[in-house]
Amino acid sequence: MNIRINGENVVLSQGTINLQELVTGKGLVPERVVMEVNLEIIPREKWATVYVREHDQIEIISFVGGG
Amino acid sequence: MEVEDILKIGDVEINNRLFVGTGKYSGNRMMQDVLVAADADVTTVALRRVDSSAPVESILDYIPPKCRVMVNTSGARNADEAIRIARLAKASGAGNWIKVEVVADSKYLLPDNLETLKATETLVKEGFVVFPYMSPDLSVARRLADCGAAAVMPLGSPIGSNRGLRTKELVEILIHEIKAPIIVDAGLGKPSDACICMEMGCAAVLVNTAIAVSGNPVEIARAFRMAVQAGRRAYLSGLPEESIRASASSPLTGFLRDDHKSA
């Protein structure tokens, strides 16, 4: 499955994977990131039921220092 | 007795009028030490794409619990991008305080006031508590306040320049004319700069670079805190008027000489 994560092309080997699995698979703490799929924010409580689809454009965002 | 002096933003009471940014520190631990030393009640963070190669730890875990996070929209080049970032911030659970920062100029990082106004209007309607960072312009400040901005944040000088309050005359006008709190954000380079802002009647100041890149961030954070307190207290005391002529501090009678006719 070919998708884009944070602007980069990614090929996923898994047949099906939901957003929760995608995030935890990257070693990220779900409470500390936000996700957008095709420019739509997906609330954290829905991650386990939203499955990644071919050509999805996914943004995984977190907090950094700033002024 | 301490004078009770609280900045109210909605229902939130803020004791410390020094807001501290979280950028440019040598590490999260240093940033945390600075927030503690400053005794900060309000801080700000930015949102960025996750860096897969970076450590998983989150900057949020280093922010003291008493410190309220105002997510900023840095990186936004127009109103739509700022709105998108604000919605992401809300979805993250970071609350609804948002510093709208729309910058389309990479050399001076000066804000785009018109896009800032557009973003502020939309975000206020969506229930955000909005702190727009802006170039000190009276008309724009009025419109920002009228549409419900929680405060107006004029710049002192370009972000990270440490050049101090170069916009003093204009900020002074905002303080006199705008009912919303005026918070000077950007460019303050020294505690004395922060003190001047507070003496003038600013509600608060936001400082980041001056602390983060100083020789001793923790010590200068304390100095900034004291300067903000000093300036605020002076403002509340009612500063004396300036005059061109001298006015003797000692009595003008009883001189130790014979010809004490008044001049």
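The values are calculated or read from the model by the stated rules, or taken from the named source; none is laboratory data. Note that this is a predicted model, so its numbers are computed, not measured. Cβ: placed from backbone, ideal geometry, glycine included. Neighbour counts: every protein chain shown. The protein model used for the area step is the full one, side chains on, heavy atoms only, and it has no ligands, DNA or RNA in it. Shrake-Rupley method; radii C 1.70, N 1.55, O 1.52, S 1.80 Å.
For residue A:58, indicate whether it is part of a strand (DSSP E or B), under 30 Å from residue B:186 (Cβ atoms) and hydrophobic (A, V, I, L, M, F, W, C). So residue A:58 fails the test. Can we say residue A:30 is more than 10 Å from chain B (Cβ to nearest Cβ) and closer than 30 Å to residue B:19 by Cα? Answer is yes for this residue. For residue B:171, are the conditions met, namely being open to solvent by less than 10 Å² (accessible area, probe 1.4 Å), hydrophobic (A, V, I, L, M, F, W, C), modelled with pLDDT of 95 or more and not in a loop (DSSP other than H, G, I, E, B)? Yes; evaluated as a whole, the condition is true for this residue.
Collect the residues in the stretch B:75-118 that are under 17 Å from the mean Cα position of the chain (by Cα), at pLDDT below 95 and either closer than 28 Å to residue B:15 by Cα or assigned to a strand (DSSP E or B) (or both), keeping them in residue-number order. Those that are under 17 Å from the mean Cα position of the chain (by Cα), at pLDDT below 95 and either closer than 28 Å to residue B:15 by Cα or assigned to a strand (DSSP E or B) (or both): none in the stretch B:75-118. Within the stretch B:13-57, the set of residues being under 17 Å from residue B:71 (Cα atoms), more than 10 Å from chain A (Cβ to nearest Cβ) and of a type in the set (S, T, N, Q) comprises just one member, B:32.
Here is a yes/no grid of residues against (1) touching a strand residue (DSSP E or B) at 6+ places or on another chain (Cβ under 6 Å); (2) among the polar types (S, T, N, Q); (3) open to solvent by less than 60 Å² (accessible area, probe 1.4 Å):
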site: B:179; (1), (2), (3): no, no, no
site: B:182; (1), (2), (3): yes, no, yes
site: B:211; (1), (2), (3): no, no, yes
site: B:225; (1), (2), (3): yes, no, no
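I need the helices (runs of 4 or more DSSP H) fully contained in the stretch B:183-263, keeping only those with at least 1 residues that are without any contact (Cβ under 8 Å) to a residue 12 or more places away in the chain and under 29 Å from residue B:14 (Cβ atoms). Don't jump to the end; show me each part of the working.
Details: elements: B:191-200, B:209-212, B:217-237.
Ranges flagged: B:217-237.
Tell me, yes or no, whether the stretch B:145-156 has at least one residue that is out of contact with any Ser or Thr (no Cβ under 9 Å at 6 or more places or on another chain) and within 12 Å of chain A (Cβ to nearest Cβ). Yes - at least one qualifying residue is present in the stretch B:145-156. Where strands (runs of 3 or more DSSP E) fall wholly inside the stretch A:1-45, the ranges with 3 or more residues that are open to solvent by 30 Å² or more (accessible area, probe 1.4 Å) are A:8-11. Taken over the stretch B:51-102, the criterion of being open to solvent by 50 Å² or more (accessible area, probe 1.4 Å), under 19 Å from residue B:35 (Cβ atoms) and not acidic (Asp, Glu) is satisfied by B:65, B:66, B:68.
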